[in-house]
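First the structure, in the form of structure tokens, and then the observations on it.
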Amino acid sequence: MRPKVILAVIPIYFLLGSCKNDDLEAAKSFSALSESLGSANKQISADIYASCARSASWQAQGTATSRKTMQDQLDVCDRLYRPISQNTEIAGSVLVSYVAAIGNLATKNENGFTPKFNQISETLGTFDINGQKIIDENAREAGLQIVDFITNLLVNDFRRRNLKLAIVCTDKDIQKYSASLYNFIDSSYAKYLLDTEIKQINGYFGSYIGQVNPQLTRLSDSKYNPQDFNTLQERQTLLEEQERAEINKVIERKKQGSAYIATIRSTADFHHKLKRIFNGDQEEISSKQTQKCNKYRSNPESQNVQSTYRQNDSWNEEITTSELKQAKKATKEYIDKVTPLVNVIN
């Protein structure tokens, strides 16, 4: 299935409410935004390996020893960070696939939700760095619950009214899984890998600038040829300019990584806001809702249901006019917040 979004969840709210031109134009804008968000997962995931490789390339400084160090580090990148890069994309596709499926449900498009459940399960179960789990067991289970639920919902009971059901039932897992994903990207990519890249750049140029500085000190004596001094000074200036340019490239990638993290967070916040809208502004769900949610789970988990809804255990799955109005407002706020973030990434 072609990834469409990290939360392409709501063209329906524009289309259910009215057929006015402004609503249709808003839906088109959301669709365009969705395409851009869909590419962000691939772009950031791919750069996890690329950043490791770039850092390794700065190890080579013209000696056989440094070239050997570079090759050893490239081997680490291939052994460790290439699969991590690939697995990050798969982990991100859990959200992408879920949201694309929600979009299909919203528009009655039954085509194309065929998640690779076994691949996702294996990836999340073995997603680690030197034995340290990237996606912990709770988050792994949440990811599998998301895929399992939406698969059963679409295969067994494809109805537009289940849009509300899907959002309320999956929100707890969406929150848990999103937090685990963006924490990993923040700590392992935006901070560790890219910061390491900056250190390697500093080390590379620092070694050459360090060779120039003593020569400049010697040539500053008037008995030496001023032209030689100027040539070395120009070389120092050029090296410093090149260093700043390379570091600025990494800083731009850090901005992109931060924007992607903020996008995932905003998306999870948006999903939670929709859950509250569709659940009477309540956090907990009723026993009847739990039963309906479990209907679409292969292995329903026992849940301790709070008594918030014990007296009124009904749940109207149709989207009301009030809910629609709130959802449209939340969607516009989400688009306004995420659009500049996507522009940074792309």
Problem - Every pair of residues 6+ apart whose Cβ atoms lie under 6 Å, when the first sits in segment 171-194 and is farther than 16 Å from ALA46 by Cα while the second is assigned to a helix (DSSP H, G or I) and open to solvent by 10 Å² or more (accessible area, probe 1.4 Å) - result: ASP171/HIS272; ASP171/LYS275; ASP173/GLN145
Problem - Residue in segment 76-96 that is modelled with pLDDT of 95 or more and open to solvent by less than 20 Å² (accessible area, probe 1.4 Å) present - result: yes
Problem - Within segment 232-244, tally of residues that are open to solvent by 50 Å² or more (accessible area, probe 1.4 Å) and either in contact with a Leu (Cβ under 9 Å, 6 or more places away or on another chain) or among the hydrophobic types (A, V, I, L, M, F, W, C) (or both) - result: 2
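The values are calculated or read from the model by the stated rules, or taken from the named source; none is laboratory data. Keep in mind it's a predicted model, so treat the numbers as computed, not measured. A quick note on method: Cβ atoms are made from the backbone with ideal geometry, for glycine too, and the neighbour counts reach across all protein chains shown. These area figures cover heavy atoms from the full protein model, side chains too; ligands, DNA and RNA do not enter into them. Shrake-Rupley method; radii C 1.70, N 1.55, O 1.52, S 1.80 Å.
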